[in-house]
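Heads up: the structure comes next, in structure tokens.
The values are calculated or read from the model by the stated rules, or taken from the named source; none is laboratory data. All figures in this text were calculated on a predicted structure; none of them were measured in a lab. We place every Cβ from the backbone using ideal geometry, glycine too, and count neighbours over all the protein chains shown. Areas reflect the complete protein model, heavy atoms only, side chains present, ligands, DNA and RNA absent. Shrake-Rupley method; radii C 1.70, N 1.55, O 1.52, S 1.80 Å.
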Amino acid sequence: MSGAREFISVAREEIGYQEGFSDGHWDNDNKFGRWYGMNEEAWCGMFVSWAADRSGNGDIVPRYAWCPAGVEWFQGRDRWSAYPAVGSVVFFGPGGGSHTGICIAYTDDEITTIEGNTNDSGSAEGDGVYLKTRPRKSSYVYGYGIPDFPEGAVVADPDWQGRPGVVYFGEQADESDIPAGGDTSSRPAAREEDRKEDRDGGTPEDGDSSRQVVIDGLAYGPGSSGEHITRLGEMLVRAGCGAYEEGPGPEWTDADTESVRRYQEKIGDTGADADGIPGPKQLARLTAEYGRARTVTVREGDTLSSIAAANDVPLSGLTAANPQIEDPDTITPGETVTLP
């Protein structure tokens with residue numbers, strides 16, 4: 001067997017491995033260098049190469065010890081991106097020449113990696129294999145080589161949409177998003193609808209927005225209702241994505257679909273990931289960022305109308321969120337107003 005899951009699994013089993021220690025210091029003696037035939041040298045690239053070989057991916061990941069050689073290998077095969085992918089080989093430093101590892105997950109802010117020849121502080125000359133979390137948008141991250149995995153590649157690069165063998169997951173993805181095995185080399189990324197079904201737990205109807213999904217036991221989409229729909233709408237309004245002329249309310253409407261679609265596009269999702277129906281990761285991010293109501297303190301000359309306009313929320317929603325205010329044109333400086 002080969003593929004992204006096997007690549008990551010083999011690497012993960014080595015977390016905690018440490019090189020030799022002699023004469024009071026770490027000495028670069030390690031099994032990856034012995035396998036490569038160049039022991040007691042910097043071994044981050046040799047670790048990646050070893051994991052690729054052991055997982056059956058030696059033909060789609062280069063055998064390299066010098067990091068720039070790995071960069072050149074991927075770039076020469078048009079498998080290079082500035083965006084992360086699950087199972088991609090990440091290169092650090094100027095020209096990608098300082099350090100390397102395996103990216104196993106990413107969000108819009110961070111990448112999770114398995115790296116050899118590093119340590120707790122993330123050094124490029126460390127003592128073992130570590131699981132690391134690094135800033136995704138750091139200048140230290142040079143780029144990513146994306147192996148042509150047989151099950152398809154889960155990528156963040158919008159320019160890779162539509163490439164054969166690519167599954168696109170926008171700003172965040174992890175191992176759970178890797179498709180089931182099988183050769184996708186002849187299947188276009190238009191199968192995003194199928195992948196979205198897998199991770200949302202819902203069933204798409206013709207790949208459009210006329211379906212429902214169930215997340216944590218609650219239904220979202222046309223025909224769904226409940227206070228959770230109202231809460232969703234309130235969060236979308238706080239995110240600046242509300243398309244409501246009235247509401248939001250407990251019955252799913254076209255305004256909910258449009259508001260969700262605006263939010264999906266706001267966080268960088270496109271295609272089937274921006275169809276107006278929330279996925280669990282999208283909903284979790286929305287809740288984390290906008291789940292709590294915001295408040296503003298009334299200043300001299302403020303009205304509910306001016307506060308609504310300044311905060312891009314509908315006046316009807318602002319009025320509904322503040323039932324203690326009897327006259328919307330008469331509010332007192334120092335008073336607290338809750339934004340919907």
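Points to keep in mind about this one:
- Residue match in region 35-46 (condition: surrounded by fewer than 17 Cβ atoms within 10 Å (Cβ to Cβ) and without any contact (Cβ under 8 Å) to a residue 12 or more places away in the chain): yes
- Subset tally (residues that are assigned to a strand (DSSP E or B) and among the basic types (K, R)) for region 72-130: 0
- Listed conditions (1) closer than 21 Å to I60 by Cβ; (2) open to solvent by 10 Å² or more (accessible area, probe 1.4 Å); (3) part of a loop (DSSP other than H, G, I, E, B) are all met by S138, apart from (1).
- Annotation for region 40-60: at least one member residue is over 25 Å from S139 (Cβ atoms), assigned to a loop (DSSP other than H, G, I, E, B), among the hydrophobic types (A, V, I, L, M, F, W, C) and modelled with pLDDT of 95 or more.
- Number of positions in region 97-123 that are at pLDDT below 95, closer than 21 Å to V10 by Cα, open to solvent by 30 Å² or more (accessible area, probe 1.4 Å) and out of contact with any Asp or Glu (no Cβ under 6 Å at 6 or more places or on another chain): 1
- Pairs where the first residue, in region 59-85, is open to solvent by 80 Å² or more (accessible area, probe 1.4 Å) and the second is of a type in the set (S, T, N, Q), C-beta under 9 Å, 6+ apart: D59/S2; R63/S49
- Of all the residues in region 282-340, those that are surrounded by 15 or more Cβ atoms within 10 Å (Cβ to Cβ) and of a type in the set (K, R) number 1.
- Of the numbered criteria (1) touching a helix residue (DSSP H, G or I) at 6+ places or on another chain (Cβ under 9 Å); (2) open to solvent by 60 Å² or more (accessible area, probe 1.4 Å); (3) touching a residue at least 24 places away in the same chain (Cβ under 8 Å), the one W26 fails is (1).
- If you filter region 236-251 down to residues that are in contact with a Pro (Cβ under 9 Å, 6 or more places away or on another chain) and among the aliphatic types (A, V, I, L, M), you find that the one that is farthest from L218 (Cα to Cα) is V237.
- Index of the failed condition, E14 passing every other in (1) more than 20 Å from D174 (Cβ to Cβ); (2) open to solvent by less than 30 Å² (accessible area, probe 1.4 Å); (3) of a type in the set (D, E): (1)
- Note on region 255-275: residues that are surrounded by fewer than 18 Cβ atoms within 10 Å (Cβ to Cβ) and among the polar types (S, T, N, Q) total 1.
- Scoring P278 on the criteria (1) open to solvent by 20 Å² or more (accessible area, probe 1.4 Å); (2) in contact with a strand residue (DSSP E or B) (Cβ under 7 Å, 6 or more places away or on another chain); (3) under 30 Å from V166 (Cα atoms) leaves a single failure, condition (1).
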